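The values are calculated or read from the model by the stated rules, or taken from the named source; none is laboratory data. Computed from a predicted structure; not experimentally measured. Cβ sites come from the backbone with ideal geometry, for glycine too, and all protein chains shown count toward neighbours. Each accessible area value is taken on the protein alone, full model and side chains, heavy atoms only, with ligands, DNA and RNA left out. Shrake-Rupley method; radii C 1.70, N 1.55, O 1.52, S 1.80 Å.
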Amino acid sequence: MSARTHLLLLALAACPGLLAAQTPTRSTEAPLTSLPYTPGLDVSAMDKFADPCVDFYRFACGGWMKSNPIPPDESRWSVYGKLAWENQRFLWGILDGLANGTAGRSAAQQKIGDYFAACMDEAAVEKSGARPLKPALDRIFRMKSKRDLPALLARLQLATGSGGLFFGFDSNQDYADATQVIAFAGAGGLGLPDRDFYTKDDDKSKELRARYAAHVARMFGLLGDPPDAATREAATVMEIETRLARASLTRTERRDPYKLFHKTDARGLKALTPGFDWDVYLETAGLPGLNTFNVTEPDFYRELDRQWRSLALADIKTYLRWHVAHAGAPFLSSAFVNEDFDFFGRTLYGVPELRSRWKRCVALVDAQLGEALGEEYVRRAFSPELKRRTLHMTEQIERAMDDDLGRLEWMSAATQQKALEKLRAIVNKIGYPDKWRDYGSLEVGRNDFFGNAERASLFESRRRLAKIGKPLDRGEWSMTPLTVNAYYDAHMNDINFAAGVLQPPLYDPKMDDAPNYGNTGGTIGHELTHGFDDEGRQFDAQGNLKDWWTEKDAREFNGRAQCIVDQYAQYTIVDDIRINSRLTEGEDIADLGGLVLAWAAWKAETAGAKPESRDGFTPEQRFFVGYAQWACESNRPEDLRARALTDAHSPGKYRVNGLVVNMPEFERAFSCKAGAPMVRENRCRVW
Ligand SMILES: [Zn+2]
């Protein structure tokens, strides 16, 4: 349930920081011929010596943390991460087969098999060194004046699929009319994962920036620049990125959709950046004559214009060269891969070891050809029976929410009616898309790893931009089927559960309802509740940004949400860093609302039956342990620091302990005494 609200999804960058990371030690690394089974409630993962009323997270997860140390190539380790690693090992075997046995492959199988083969051919990749970057670097070198920037930028952005080159340009649904897809011009241009990394003043942040600059300099060194020039160039990059960071909204500000919605025509866009020829940019991007844009952050574009005017041509070239090398690093020789890992893995997230090549290659196939790979996965690991059962559970949770909404005392009948309308309009997408993406026009060669990656980025960029002005495809997914995750999309008003997240130990068809409703039921409730969290509630049943609340009901909601914000603000993540509970507000609301719904749905599902105690635990206790056991995790301190700035989810410990303190059902299930740490006097409750 590291699930997320999907509000603005910029193009996938082929950058290691964006690829899901997952894996233990080298000795256990071999392809799997079938997915291993871990029960949905694992008694051995508990710490029965811990007191559930004092620290429920330790009670449910203590054993797991002891027997699952963080693998050397991971920044964190979790039940979700471990399952993702198993999925990857399973797919490794399949990809290996498709790479070697070339007879009788379908068109899609040829693409993923050959992509994997080319990626695994380390000797060829090593031999080509930095050469694959040459065409892009030559184009930058040949820039004669800033007038050449728009066309060059369009080409580089498309080919890298990266929002790291000054800004992001993508398609998305119009917030005011969700049936329309329009162009989104977003903020971007940074190498570090968030603007806050550039603006924070504490010693650790300053040290991290110094190390980042040193990394940028070493990357220039790998491009052949002498050391003193490389150091100067890195300083230029830092200066440009810092100015862009300061002009960008914070992650918390970006949770307010009104702050991100500024629709304008071509004239308005040009007025923001008079020094930039948008006609040339759009023409080169294959979008001539476009006249509707959402400029998500106008102030950012004003700053861009100032930069483009004031920067010397040589500095612009320096900045572009860095971002081209940065985006390309994972696809180049070990000198680039290791340097990239040294900062973005080791320094930033505290990871000791680079992931094995097979794992990086499986992740890249997923990132670039995810639905073709997903088709293979679904065929083997997600039966129609599994789909039927998880869909039934989804419908039960929705029914529980329907009942609950109708009974809410703090909400007027008028708003209740609108909320019910929205709930009933939510589309359930379970496992995988009804129609698989057609990669037909994407050419994948067996001996051209870098070329494959570039063509795949180009294919994806073009696919996304081609949606502008066309009817909305409501069947589309923005997550691949093997992903161990789920999401709610406020513009689509749909909930999406990838097949990868509906596997044991998360959803366990061999288990009874209690742990399954606690675990997967809680996730389903979580995603549904996102439609009604502080962010999601601002969109209507059709996905339009539209206020359907009476003023009084909105006030009531905000008061209840504030209770959660105040509660989570007390929790410490690492050292002196506390949860930024304005950033995690939506997730924390969804966690609580989700489990309240799962409980009600479970009670309805098992009404009349008499669920039995097992392993010495009552059904109610097993419901809560089942819930907690999705969240077992350990993190390296560097990972916690980075996530404190970037992750909208609270750490696992608080997603469990911070939640159960708000549920009287928990207090009763474990007969906790008043005053125990897991019993809160003034409980929060939104939904
Ligand atoms: Zn979420």
Residues in the stretch 631-650: is at least one more than 30 Å from Phe343 (Cα to Cα) and open to solvent by 10 Å² or more (accessible area, probe 1.4 Å)? no
Of the residues that make up the stretch 513-525, is at least one away from the ligand (no atom under 14 Å from the Cβ), at pLDDT 95 or above and farther than 25 Å from Arg655 by Cβ? no
Which numbered condition trips up Leu287, out of (1) open to solvent by 50 Å² or more (accessible area, probe 1.4 Å); (2) in contact (Cβ under 8 Å) with a residue 24 or more places away in the chain; (3) assigned to a loop (DSSP other than H, G, I, E, B); (4) over 29 Å from Ala217 (Cα atoms)? (1)
The listed residue being at pLDDT 95 or above, aromatic (Phe, Trp, Tyr) and more than 16 Å from the ligand (Cβ to nearest atom), out of Phe539, Phe557, Phe532: Phe557
Considering only residues that are within 25 Å of Ala325 (Cβ to Cβ) and free of Cβ contacts under 8 Å to residues at least 24 places away in the same chain, which ones fall in the stretch 179-213? Ser205, Lys206, Glu207, Ala210
State whether one or more residues within the stretch 543-553 are part of a helix (DSSP H, G or I), away from the ligand (no atom under 14 Å from the Cβ) and buried (at least 16 other Cβ atoms within 10 Å of the Cβ). yes
Only one of (1) in contact with a Leu (Cβ under 7 Å, 6 or more places away or on another chain); (2) open to solvent by 40 Å² or more (accessible area, probe 1.4 Å) fails for Leu222. Which number is that? (1)
Could you tell me whether the stretch 609-630 includes any residue that is modelled with pLDDT of 95 or more, open to solvent by 30 Å² or more (accessible area, probe 1.4 Å) and under 17 Å from Arg680 (Cβ atoms)? no
Considering only helices (runs of 4 or more DSSP H) wholly within the stretch 297-384, the ones with at least 3 residues that are farther than 20 Å from Gly129 by Cα and not small (Gly, Ala, Ser) are 298-310, 313-328, 357-381
Residues of the stretch 506-538 satisfying the condition of being surrounded by fewer than 24 Cβ atoms within 10 Å (Cβ to Cβ), within 18 Å of the chain's Cα centre (by Cα) and part of a helix (DSSP H, G or I): Gly536
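Go over the candidates Ala245, Ala234, Ala217, Ala230 one by one and state the one that is under 30 Å from Asn172 (Cβ atoms) and surrounded by 16 or more Cβ atoms within 10 Å (Cβ to Cβ).
Details: Ala234 fails: under 30 Å from Asn172 (Cβ atoms); Ala217 fails: under 30 Å from Asn172 (Cβ atoms); Ala230 fails: under 30 Å from Asn172 (Cβ atoms).
Being under 30 Å from Asn172 (Cβ atoms) and surrounded by 16 or more Cβ atoms within 10 Å (Cβ to Cβ) holds for just one of Ala245, Ala234, Ala217, Ala230, which is Ala245.
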Considering residues of the stretch 364-392 that are touching a residue at least 40 places away in the same chain (Cβ under 8 Å) and among the hydroxyl-bearing types (Ser, Thr, Tyr) only, the residue nearest to Lys435 (Cα to Cα): Tyr377
